[in-house]
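Scroll down for the structure; my scribbles are underneath it.
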């Protein structure tokens, strides 16, 4: 496939990286609540502010002013995003502030309903009604991310997340080692990570791991060994990562004990070296969503303060001409210079969590990524876990010169259908954001329970 269309990023957009991947993220913060298992040694908050955050964190300060009301938070952020010239037609809701599924049932359902009501700019009788309205609303929820614990991903929790419209789940893995879990009071074991990973993938969710190098009891050699294991061992292999090097933060249990246990976080140079080595290990199918937690300097007691370390690492890779497989470094939005628009479908097959993953991507000869699809075949089910076309976020149905409007998504779907049919499947399922259901309907899919499905 080739095109002469010029793919551009609007220069008027403030902080264009926020929506450069094609969807505009919007965070909503939970009311403060301690985790059921207690407090991890490195974690602040939980009593007066949400777990793992401080009262000086920008997102928390915004939420506090709005009394943690999800409706007000969404309306406020929509207004800010519009002022910054970001498109708000395609929104990914990201719920922050602790283990959401451990909150009381009424709180959870009202929280999600208020999010949709705010996006819809109208009230609804119930959550199902709010979701139905959002299918054709001006501000559509095309994806939803919920943070969870590995030991909180049983069938009951998965059913709830599907009902809420969740499409992506992030779990705190830190480093998969039972001894480290014991020393940091994680409250779960490695087998919980393995089981959660398989359940979530089989349900169709896109899966992210939170990774934390430099934990008390670890070292650089151990961290690299465990990080390598995450991708070498078929029982893990996440789709996304957030890498948060351990820091000593005010109001955390570690802040009270780090001198007694003679704990020292990695220095800036040590952190840079270990993160550079980790980035080189990441396969084609995985995206690093973020590096470094945004703790305010006044709340940091020990640990790296530099928030833009990722930028330094990526610039060094590019200056040295190193080819990194990780998705974000290959996205078209970050590679506009001398862009070749001749693209083709590349298919990567790999085993993961007792299933087969087919990672389909539209790339050019320089391996620049224009779009991707994740197809999972497991337990006699064929399910698409993600379809994503990269490029600056545009309005739904908007005409323009952008990779989002070249028909790449349709072609990836056709290829996935072809693979599933060849494997003997008569039906293909898709986990779909509420606001993307209309797109799949145009491709012949219909809503069956919580999934969009099509007979092959």
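The values are calculated or read from the model by the stated rules, or taken from the named source; none is laboratory data. Because the structure is a prediction, the values reported are computed rather than measured. Backbone-built Cβ (ideal geometry, glycine too); neighbour counts: all protein chains shown.
Residue by residue, here is whether (1) outside the structural domain of residue 283 (by TED's automatic domain parsing); (2) touching a helix residue (DSSP H, G or I) at 6+ places or on another chain (Cβ under 6 Å); (3) assigned to a strand (DSSP E or B) holds:
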position: 341; (1), (2), (3): yes, no, no
position: 344; (1), (2), (3): yes, no, yes
position: 347; (1), (2), (3): yes, no, yes
position: 351; (1), (2), (3): yes, no, yes
position: 361; (1), (2), (3): yes, no, yes
position: 373; (1), (2), (3): yes, yes, yes
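Here residue 29 fulfils each of the conditions (1) over 22 Å from the mean Cα position of the chain (by Cα); (2) modelled with pLDDT of 95 or more; (3) under 28 Å from residue 124 (Cα atoms) apart from (1).
Screening residue 242 on (1) assigned to a strand (DSSP E or B); (2) buried (at least 23 other Cβ atoms within 10 Å of the Cβ) shows it passes everything except condition (2).
Starting from residues that are closer than 17 Å to residue 147 by Cα and in a loop (DSSP other than H, G, I, E, B), keep the ones in the range 44-63 and report whichever is modelled with the lowest pLDDT. Among residues in the range 44-63 that are closer than 17 Å to residue 147 by Cα and in a loop (DSSP other than H, G, I, E, B), the one modelled with the lowest pLDDT is 46.
For residue 181, the test of being within 26 Å of residue 356 (Cα to Cα), buried (at least 18 other Cβ atoms within 10 Å of the Cβ) and in the same structural domain as residue 265 (by TED's automatic domain parsing) is failed.
Considering the conditions (1) touching a strand residue (DSSP E or B) at 6+ places or on another chain (Cβ under 8 Å); (2) modelled with pLDDT of 95 or more; (3) more than 20 Å from residue 22 (Cα to Cα), residue 433 is excluded by exactly one of them, (3).
The one condition from (1) modelled with pLDDT of 95 or more; (2) more than 22 Å from the chain's Cα centre (by Cα); (3) outside any strand (DSSP E or B) that residue 428 does not meet is (3). Scan the range 311-328 and tell me whether some residue there is under 25 Å from residue 209 (Cβ atoms), in contact (Cβ under 8 Å) with a residue 60 or more places away in the chain, part of a loop (DSSP other than H, G, I, E, B) and touching a helix residue (DSSP H, G or I) at 6+ places or on another chain (Cβ under 8 Å). No, every residue in the range 311-328 fails to be under 25 Å from residue 209 (Cβ atoms), in contact (Cβ under 8 Å) with a residue 60 or more places away in the chain, part of a loop (DSSP other than H, G, I, E, B) and touching a helix residue (DSSP H, G or I) at 6+ places or on another chain (Cβ under 8 Å).
If you check 307, 260, 224 for being surrounded by fewer than 19 Cβ atoms within 10 Å (Cβ to Cβ) and either over 25 Å from the mean Cα position of the chain (by Cα) or on the phi > 0 side of the Ramachandran plot (or both), only one passes: 260.
Here residue 146 fulfils each of the conditions (1) part of a helix (DSSP H, G or I); (2) under 23 Å from residue 52 (Cβ atoms) apart from (1).
Can you spot a residue in the range 96-103 that is assigned to a loop (DSSP other than H, G, I, E, B), at pLDDT below 95, within 30 Å of residue 222 (Cα to Cα) and in contact with a helix residue (DSSP H, G or I) (Cβ under 9 Å, 6 or more places away or on another chain)? Within the range 96-103, one or more residues are assigned to a loop (DSSP other than H, G, I, E, B), at pLDDT below 95, within 30 Å of residue 222 (Cα to Cα) and in contact with a helix residue (DSSP H, G or I) (Cβ under 9 Å, 6 or more places away or on another chain).
So, residue 141, is that one touching a residue at least 60 places away in the same chain (Cβ under 8 Å), in contact with a helix residue (DSSP H, G or I) (Cβ under 6 Å, 6 or more places away or on another chain), within 28 Å of residue 383 (Cα to Cα) and buried (at least 20 other Cβ atoms within 10 Å of the Cβ) or not? Working first, answer last.
Working: touching a residue at least 60 places away in the same chain (Cβ under 8 Å): yes; in contact with a helix residue (DSSP H, G or I) (Cβ under 6 Å, 6 or more places away or on another chain): yes; within 28 Å of residue 383 (Cα to Cα): yes; buried (at least 20 other Cβ atoms within 10 Å of the Cβ): yes.
In short, yes.
When the range 265-303 is filtered for residues that are under 20 Å from residue 227 (Cα atoms), over 17 Å from the mean Cα position of the chain (by Cα) and not in a helix (DSSP H, G or I), the ones remaining, listed by number, are 265, 266, 267. Within the range 375-386, is there a residue that is over 20 Å from residue 202 (Cβ atoms), at pLDDT 95 or above and assigned to a strand (DSSP E or B)? No; the residues of the range 375-386 include none that is over 20 Å from residue 202 (Cβ atoms), at pLDDT 95 or above and assigned to a strand (DSSP E or B).
Tell me, yes or no, whether the range 220-234 has at least one residue that is in contact (Cβ under 8 Å) with a residue 40 or more places away in the chain and either assigned to a loop (DSSP other than H, G, I, E, B) or under 30 Å from residue 130 (Cβ atoms) (or both).
Of all residues in the range 220-234, those in contact (Cβ under 8 Å) with a residue 40 or more places away in the chain come to 220, 222-224, 226-231, 234.
Retained after the next criterion (residues that are either assigned to a loop (DSSP other than H, G, I, E, B) or under 30 Å from residue 130 (Cβ atoms) (or both)): 234.
Checked against the condition, which is being in contact (Cβ under 8 Å) with a residue 40 or more places away in the chain and either assigned to a loop (DSSP other than H, G, I, E, B) or under 30 Å from residue 130 (Cβ atoms) (or both), the range 220-234 yields at least one hit.
For residue 67, the conditions (1) at pLDDT 95 or above; (2) surrounded by 20 or more Cβ atoms within 10 Å (Cβ to Cβ); (3) not in a helix (DSSP H, G or I) all hold with the exception of (2). Of all residues in the range 180-200, at least one satisfies being at pLDDT 95 or above, over 15 Å from residue 99 (Cβ atoms), assigned to a loop (DSSP other than H, G, I, E, B) and more than 18 Å from the chain's Cα centre (by Cα). Residues that are over 26 Å from residue 284 (Cβ atoms) and modelled with pLDDT under 95: does the range 409-424 have at least one? Within the range 409-424, not a single residue is over 26 Å from residue 284 (Cβ atoms) and modelled with pLDDT under 95.
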